[in-house]
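Novice: To start, I am sharing the structure in question, which I have written as structure tokens.
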Amino acid sequence: MANRVEPKLIPALFEEFQSETFVTISSVDKKSGAPVIHAISWILAKDEETLVLSVDQRSRLVENVENNSTVTVCLIANESTYAISGEASVEGMLEEVPLKLSLIKIKINEVRDVMFYGSKMVQAPTYDKTYDKVAAERLDSQVMEAMKKA
């Protein structure tokens, strides 16, 4: 079966982006011009064509996006791996949260199933927060709610 290419999120991926999920994002490094990878979990689909994410305002990702808007989000979900490419823009600060977070919007250009032939993912990546679990849950909830309102 050939890998699928779509112009926007399919329903299963849209649903995956309705709660905190682990993704990596590649951007073009402002200083070196090389690809660089960022791991994040504060990402949300506003609709099938738009993702929003939050990172610390000092993140290298903010500077990279301001210099070159091309990004690709890598998501493992729906028994596969997807490269979601688009144009990112820094939309300002995320309000209503105790940290200084930048809000980044990605207009999706392409969603490509990049899983190698004859295989499927049997488990999505999992991670554990290593700091105060109650504080982490409270902050995660605040950030996700603020992104929904943005």
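The values are calculated or read from the model by the stated rules, or taken from the named source; none is laboratory data. Fair warning: this is a prediction, and the values are worked out from it, not measured in the lab. Here the Cβ positions follow ideal geometry from the backbone for every residue, glycine too, while neighbour counts run over all protein chains shown.
Novice: Out of the residues in region 121-150 meeting the condition of being of a type in the set (D, E, K, R) and surrounded by 10 or more Cβ atoms within 10 Å (Cβ to Cβ), tell me which one is farthest from Ile84 (Cα to Cα). Give the steps one after another, and end with the answer.
Specialist: Going through region 121-150, the residues of a type in the set (D, E, K, R) turn out to be 128-129, 132-133, 137-138, 140, 145, 148-149.
With surrounded by 10 or more Cβ atoms within 10 Å (Cβ to Cβ) added as a condition, the list becomes 129, 132-133, 137-138, 140, 145, 148.
Details: Lys129: 26, Asp132: 32, Lys133: 30, Glu137: 27, Arg138: 29, Asp140: 23, Glu145: 23, Lys148: 20 Å.
Filtering region 121-150 for residues that are of a type in the set (D, E, K, R) and surrounded by 10 or more Cβ atoms within 10 Å (Cβ to Cβ), the one farthest from Ile84 (Cα to Cα) comes out as Asp132.
Novice: Of all residues in region 32-50, which are over 16 Å from Pro125 (Cβ atoms) and either modelled with pLDDT under 95 or small (Gly, Ala, Ser) (or both)? Lay out the reasoning, then the answer.
Specialist: Applying the first criterion (over 16 Å from Pro125 (Cβ atoms)) to region 32-50 yields 32-36, 44-50.
Within region 32-50, Ser32, Gly33, Ala34, Ala45 meet the criteria.
Novice: A further question on this structure: Filter region 94-150 down to the residues that are part of a loop (DSSP other than H, G, I, E, B), of a type outside the set (Asp, Glu) and under 18 Å from Ile43 (Cα atoms) and list them by number.
Specialist: Filtering region 94-150 for residues part of a loop (DSSP other than H, G, I, E, B) gives 94-100, 114-132, 150.
Filter once more, so that each one left must be of a type outside the set (Asp, Glu): 94, 97-100, 114-127, 129-131, 150.
Once the filter is applied, which keeps residues that are part of a loop (DSSP other than H, G, I, E, B), of a type outside the set (Asp, Glu) and under 18 Å from Ile43 (Cα atoms), region 94-150 yields Leu94, Val97, Pro98, Leu99, Lys100, Ala124, Pro125, Thr126, Tyr127, Lys129, Ala150.
Novice: Please verify whether Val90 is buried (at least 21 other Cβ atoms within 10 Å of the Cβ), touching a strand residue (DSSP E or B) at 6+ places or on another chain (Cβ under 9 Å) and either modelled with pLDDT under 95 or under 28 Å from Arg138 (Cα atoms) (or both), treating the condition exactly as stated.
Specialist: Values: buried (at least 21 other Cβ atoms within 10 Å of the Cβ): no; touching a strand residue (DSSP E or B) at 6+ places or on another chain (Cβ under 9 Å): yes; either modelled with pLDDT under 95 or under 28 Å from Arg138 (Cα atoms) (or both): yes.
Here the answer is no, as Val90 does not meet what is asked.
Novice: Please find, within region 62-79, the residue that is modelled with the lowest pLDDT out of those that are surrounded by fewer than 18 Cβ atoms within 10 Å (Cβ to Cβ) and closer than 23 Å to Gly118 by Cα.
Specialist: Glu79
Novice: Restricting to region 28-56, what's the tally of residues that are under 23 Å from Asp140 (Cβ atoms) and either in contact (Cβ under 8 Å) with a residue 24 or more places away in the chain or more than 11 Å from the chain's Cα centre (by Cα) (or both)?
Specialist: Taking region 28-56 as the starting set, the residues that turn out to be under 23 Å from Asp140 (Cβ atoms) are 37-47, 50-56.
Subset that is either in contact (Cβ under 8 Å) with a residue 24 or more places away in the chain or more than 11 Å from the chain's Cα centre (by Cα) (or both): 37, 41-47, 50-56.
So the count comes out to 15.
Novice: Taking the options Leu61, Leu99, name whichever one is among the aliphatic types (A, V, I, L, M) and over 17 Å from the mean Cα position of the chain (by Cα). Steps first, answer last, please.
Specialist: Details: Leu61 fails: over 17 Å from the mean Cα position of the chain (by Cα).
Sole residue among the options that is among the aliphatic types (A, V, I, L, M) and over 17 Å from the mean Cα position of the chain (by Cα): Leu99.
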